[in-house]
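Everything below concerns the one structure shown next.
The values are calculated or read from the model by the stated rules, or taken from the named source; none is laboratory data. Because the structure is a prediction, the values reported are computed rather than measured. Quick reminder, even Gly has a Cβ in these numbers, built from the backbone with ideal geometry, and neighbours come from all protein chains shown. Calculation scope for accessible area: heavy atoms of the full protein, side chains included, ligands and nucleic acids excluded. Shrake-Rupley method; radii C 1.70, N 1.55, O 1.52, S 1.80 Å.
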Amino acid sequence: MLNSIETILTEISKAEIKLGKKTGQIPVNLFETTEIIDLTFNGHATLKNYDHFCEGLLKDLQDQIDAITSDSANAFGAVRALNLLLFDAKSQEKRYFPKKKKDDWLVKVTFKIRYQVEFTHDKLVRDTVLRFLEIQKRLITRCIRLINNRIKHIHTFFPIQDLLPHHPGHAPFTGLAPYQMGQLSLFPNGMGQTTLTWNRSKADLLELIVALSKSNSVGSTGGVVHQKDLIELFGWFFNIDLGSARQAIGALKRRKKPESSYTRELKEVFKLYCEDD
């Protein structure tokens, strides 16, 4: 599953163009010319062939995901893995295919061979390249939809009480237990989604996550917990979209003053709590 998504992300990260000698305006007769384009995109000469190639990449990803999610014994780990893949896919979609300005899609374009330099920025070439890029955009969008669909499928057919690992001597999770104990049910109807919301800004939540990560406050018996793992976990836990976390954290470092930070506010709140009789 990881290999397939990496292959797809590598594919959408590049746009290598090779122009043939006939690209541009070709004389038809003494008075007329016609537009001819001889262009390959990432080694593919036609839109149809490239679309077929991208469809194969998506099918490989689907087969790998379905092989894992079809068994309830693997479902719990699959949800975690899928959420991490979802974050990477959304992040790269925003990087290479920004919504506001389609011309920014062309930033990654490189010309491998320039037989006719004067035509490399020709409108016909530009429009053709954009059509290939639209196939890439469709590929990553469908990847995101596929991953979202499989996560929802697991939540529907493998309820959370069936997914959580059980330990000897401990009762399995049940949605009724919190009610019986007079506590809030965080997983209503046995689903793998919490009822919690984050009542502060996304910037405050990201500041808290970064502080926890950089102070090595959170560990795991299964290996190293990376900052992006915590972002994905907190996003799921509080039902909040943190898909653009990397850019937001960068902006946070540039804009936010230490004296107005959320973590400093928490310190003051705890100090008042300790002083309260």
Quiz prompt | Subset of region 222-269 (residues that are of a type in the set (D, E, K, R), open to solvent by less than 70 Å² (accessible area, probe 1.4 Å) and farther than 15 Å from residue 91 by Cα) | solution = 256
Quiz item: (1) at negative phi; (2) at pLDDT 85 or above: which one isn't true of residue 216, the others all being true?
Solution: (1)
Quiz item: Among the residues of region 43-63, how many are part of a helix (DSSP H, G or I) and more than 18 Å from residue 12 (Cβ to Cβ)?
Solution: 2
